[in-house]
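Visitor: Just passing along the structure, written as structure tokens.
Read-outs throughout are calculated quantities, based only on the coordinates presented, and are distinct from any laboratory measurement. Keep in mind that what you see is a predicted model, and the values were worked out from it rather than measured. No Cβ is skipped: glycine too gets one built from the backbone with ideal geometry, and neighbour counts run over all protein chains shown.
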Amino acid sequence: MSLQSPLGKALGQGSAHTGLDHWLAQRSTAIAIVPLGLWFIISMVSLQHGNYEIVSAWIAEPLNAILLILLVIALLYHSMIGLQVIVEDYVSGGLGYLTSIFLQFIHVLLAVAGIYSVIIISLGAGQ
Amino acid sequence: MARIDRPLSPHLAIYSWMISNTLSIVHRMTGVALSFGAVALVGWLVSIVAGYDAYSLVNYLLASIIGSLALFGWTFCFFYHLCNGIRHMCWDVGKGFERIRAQQSGILMLTVSIILTVGLWAIVLAG
């Protein structure tokens with residue numbers, strides 16, 4: 001039997017007072033992906049018969065390169081937050097933390113690889 | 001004294017399967033599928049940097065039957081996740097929470113995402 005009062009037990013068990021930034025980042029990246037994703041899909045349809053040279057030249061165009069880098073960042077950040085929430089819901093304990101960290105590494109790796117590729121393609125086509 | 005079988009919570013099995021919770025779990029599933037789509041996007045960008053042969057291989061894989069089905073699936077997932085994401089943001093600002101309105105918006109969202117997917121692929125196949 002505990003001598004702690006019911007009020008004492010309840011106090012301090014409420015909101016973690018963090019997480020708003022996480023919630024907002026999920027929404028702001030979602031809003032960013034709406035125009036960027038639609039632009040990307042329409043661009044891919046217009047490029048569907050393009051060969052290696054045409055596709056490389058398209059990526060190397062400054063506006064396309066900038067929008068592609070923004071898409072890669074927004075997409076992978078949104079994906080990382082979303083998958084982390086799913087892991088938190090279904091995978092408990094130490095395995096959950098490990099899975100979250102593993103997914104973060106994968107997402108940062110993919111983002112860096114994507115941004116690097118767009119920059120390299122841009123520089124290559126400019127020579 | 002017999003052991004008391006206390007009720008366990010949450011009892012997921014007691015809820016009947018309905019349109020709202022089905023659309024909700026599909027939102028997560030499409031999100032996970034789109035994360036794999038992001039991997040494909042980065043893979044495609046990296047293949048262009050890797051050179052003509054790597055790009056040709058990725059192009060060949062995406063143009064195969066399985067690749068085409070994946071691309072079709074990703075476009076549906078994108079439109080579904082986008083439309084349902086807008087529905088979620090309406091809820092975030094407190095709009096459309098009533099049960100009937102939530103079901104109506106769910107059916108509308110599903111219809112729009114199917115129309116967008118079919119419309120896009122009609123353009124792709126015609127082009």
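Visitor: What are the semi-axes of the equivalent ellipsoid for chain A, taken as the square roots of 5 times the Cα gyration tensor eigenvalues, largest first, in whole Å?
Guide: 44, 15, 12
Visitor: Can you tell me the orientation of helix B:52-63 relative to chain B, as the angle in degrees between its alpha-carbon axis and the longest Cα principal axis, to the nearest 10?
Guide: Once rounded, one gets 50 degrees.
Visitor: Can you grab the distance from the C-alpha centre of segment B:33-76 to the C-alpha centre of segment A:73-127, Å, no decimals?
Guide: Segment B:33-76 and segment A:73-127 have Cα centres spaced 17 Å from each other.
Visitor: Related question: Starting at the first residue of segment B:113-120, write each ³J(HN,Hα) from the Karplus equation 6.51 cos²θ - 1.76 cosθ + 1.60 with θ = phi - 60°, in whole Hz, x for Gly and Pro.
Guide: Once θ is set to phi - 60°, the couplings for segment B:113-120 become 5, 5, 4, 4, 5, 5, x, 4 Hz.
Visitor: Apply the Karplus parameterisation 6.51 cos²θ - 1.76 cosθ + 1.60, with θ equal to phi minus 60°, to every residue of segment A:2-12 and state each ³J(HN,Hα) to the nearest whole Hz, in sequence, with x for glycine and proline.
Guide: Result, rounded to whole Hz: 9, 8, 5, 6, x, 5, x, 5, 6, 5, x.
Visitor: Quick one: what are the phi-derived ³J(HN,Hα) couplings along segment B:71-85, Karplus 6.51/-1.76/1.60 with θ = phi - 60°, whole Hz, x for glycine and proline?
Guide: Once θ is set to phi - 60°, the couplings for segment B:71-85 become 5, 4, x, 5, 5, 4, 4, 4, 5, 4, 5, 5, 5, 6, x Hz.
Visitor: Based on the alpha carbons, how large is the Rg to Rh ratio for the protein assembly as shown when Rh follows Kirkwood?
Guide: Using Cα coordinates only, the ratio equals 1.06.
Visitor: Semi-axes of chain B's equivalent ellipsoid from the Cα gyration tensor, sqrt of 5 times each eigenvalue, largest first, rounded to whole Å?
Guide: Numbers: eigenvalues 294, 97, 33 Å².
Over the Cα atoms of chain B, the semi-axes work out to 38, 22, 13 Å.
Visitor: Starting with the fewest neighbours, write out A:THR18, B:THR111, A:THR29 ranked by other beta-carbon atoms found within 10 Å of each beta-carbon.
Guide: Fewest to most other Cβ atoms nearby, the residues stand as A:THR18, B:THR111, A:THR29.
Visitor: Would you mind computing, in nm to one decimal, how far apart the modelled labels at B:ALA102 and B:LEU62 are, each placed 7 Å from Cα along Cα→Cβ?
Guide: Between B:ALA102 and B:LEU62, the simple spin-label model gives 3.8 nm.
Visitor: Using Cβ counts within 10 Å as a stand-in for footprinting exposure, how do B:CYS90, B:CYS83 rank, fewest first?
Guide: Result, fewest neighbours first: B:CYS90, B:CYS83.
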